[in-house]
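Taken together, the values in this text are just the output of simple stated rules run on the coordinates, not laboratory data. These numbers were taken from a predicted model, which means no experiment stands behind them. With ideal geometry, Cβ positions are generated from the backbone for all residues, glycine too; neighbour counts draw on all protein chains shown.
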C-alpha cells in the first residue's frame, strides 16, 4: 500500500512538471487556429507544417550548427583547460596556491551579466565581433575557463587515492602521465557532469550571443527562436515547433550522459 502511494504521488508530480513540455509538443502539431481556440479533441487540425515553416523562417539549421559548434568547442577545450587547472590546485605544490584558489572560488558568485559589458569591450577590441570565424571565437574563448568547473573537478581530484599516483611514480611516470593516465580516468563521471553543465548553460545562452553574433550567419539556436517573435507574421505553431527542435538535442544528450551524472552523485555520497 505504501509503495503504491509512493508511485502514485511520484507519477502526479512528474505529470505536473512534464505537462508544459507535453503541451508544447502537442501544440506544435496543431494548426494555428486550434492552438488556443479549443477543439483539441477533434481528429482534424493536426499538421507537421509548423516544423517545416519554423526550420525555414528561423534559419534553424544554421542556428543548430552554430550552437553545436559553440558547445563542442567550449566543452572540449574547456574540459582540458579546467581539468589541468583543477589538478594543479589539487596535487601540485606552489607558492600562493591557496590564495589563488580562493580567488577562483570567489569568481563563482559573479554572474555573466556582471561581466558581459567588460567582456564585450574586450572581445570588440580583439576583433572577435566581425566575420564568422571571429564571432565563433568570441562566443567560445571567454568561456573556456570556468571557476565552478575548476572547483568541481579539483574536489574530485582530491578524492583520487594517492596510492595510485605513488605506484605510477614508482613506474617512472611524470606529472603529465600522472594527470593523463591516472587522474583523468579516475574522475570520468565528474568530467561528464562538467560537459552536461556546459551544454545546458551555453545551449540556452541568449545574452552573450545577442551581443556577439550580430550577423545572420552567426546566429545561435536561441537567437533563431527569438527571431520568430519579431518576424511577421508571428505564428505560435512555428514558435512552438522551433522550441521543440531546440529542446530535443539537449534532452537526448542529457539522457545519454545521465548515467555518468548519477555515478558522480553516487560517488560523492559514498565519499
Prolate/oblate/rounded label for the stretch 1-101 (Cα gyration tensor, a/c 1.5): oblate
Any idea what the relative contact order of the stretch 166-260 is, in percent, if you count C-alpha pairs under 8 Å spaced at least 6 apart? 32
Residue exposure sequence - 224, 34 - by fewest surrounding Cβ within 10 Å: 34, 224
Going by average Cβ density within 10 Å per residue, which order do the peptides 68-76, 86-94 take, highest to lowest? 68-76, 86-94
Packing rank of 183-192, 13-22, where each peptide gets the mean count of other beta carbons within 10 Å, highest leading: 183-192, 13-22
If contacts are Cα pairs under 8 angstrom and at least 6 residues apart, what is the relative contact order of the stretch 62-270 in percent? 33
Can you bin the chain into rounded, prolate or oblate? Criterion: square roots of the alpha carbon gyration tensor eigenvalues sorted a ≥ b ≥ c, rounded for a/c under 1.5, prolate for a/b above b/c, oblate for the rest. oblate
Highest first, please rank the peptides 102-108, 194-200, 45-51, 150-156 by the mean number of other Cβ atoms sitting within 10 Å of their residues. 150-156, 194-200, 45-51, 102-108
Which value results for Rg/Rh of the stretch 94-190 when Rg is the Cα radius of gyration and Rh the Kirkwood radius based on the inverse mean 1/r? 1.11
So the angle from the long Cα axis of helix 221-230 to the longest Cα principal axis of the chain, reported in degrees to the nearest 10, equals 30
Three principal axis lengths of the stretch 1-55 [C-alpha, angstrom, descending]: 48, 25, 15
Quick one: grab the alpha carbon gyration tensor of the stretch 165-225, order the square roots of its eigenvalues as a ≥ b ≥ c, and give me rounded if a/c is under 1.5, else prolate or oblate depending on whether a/b is larger than b/c. prolate
Using the number of other C-beta atoms within 10 angstrom as an exposure proxy, rank 176, 55 with the fewest first. 176, 55
Listing 140, 214 by rising number of other beta-carbon atoms within 10 angstrom, fewest first, gives 214, 140
What's the angle, to the nearest 10 degrees (0 to 90), between helix 188-203's Cα axis and the longest principal axis of the chain? 40
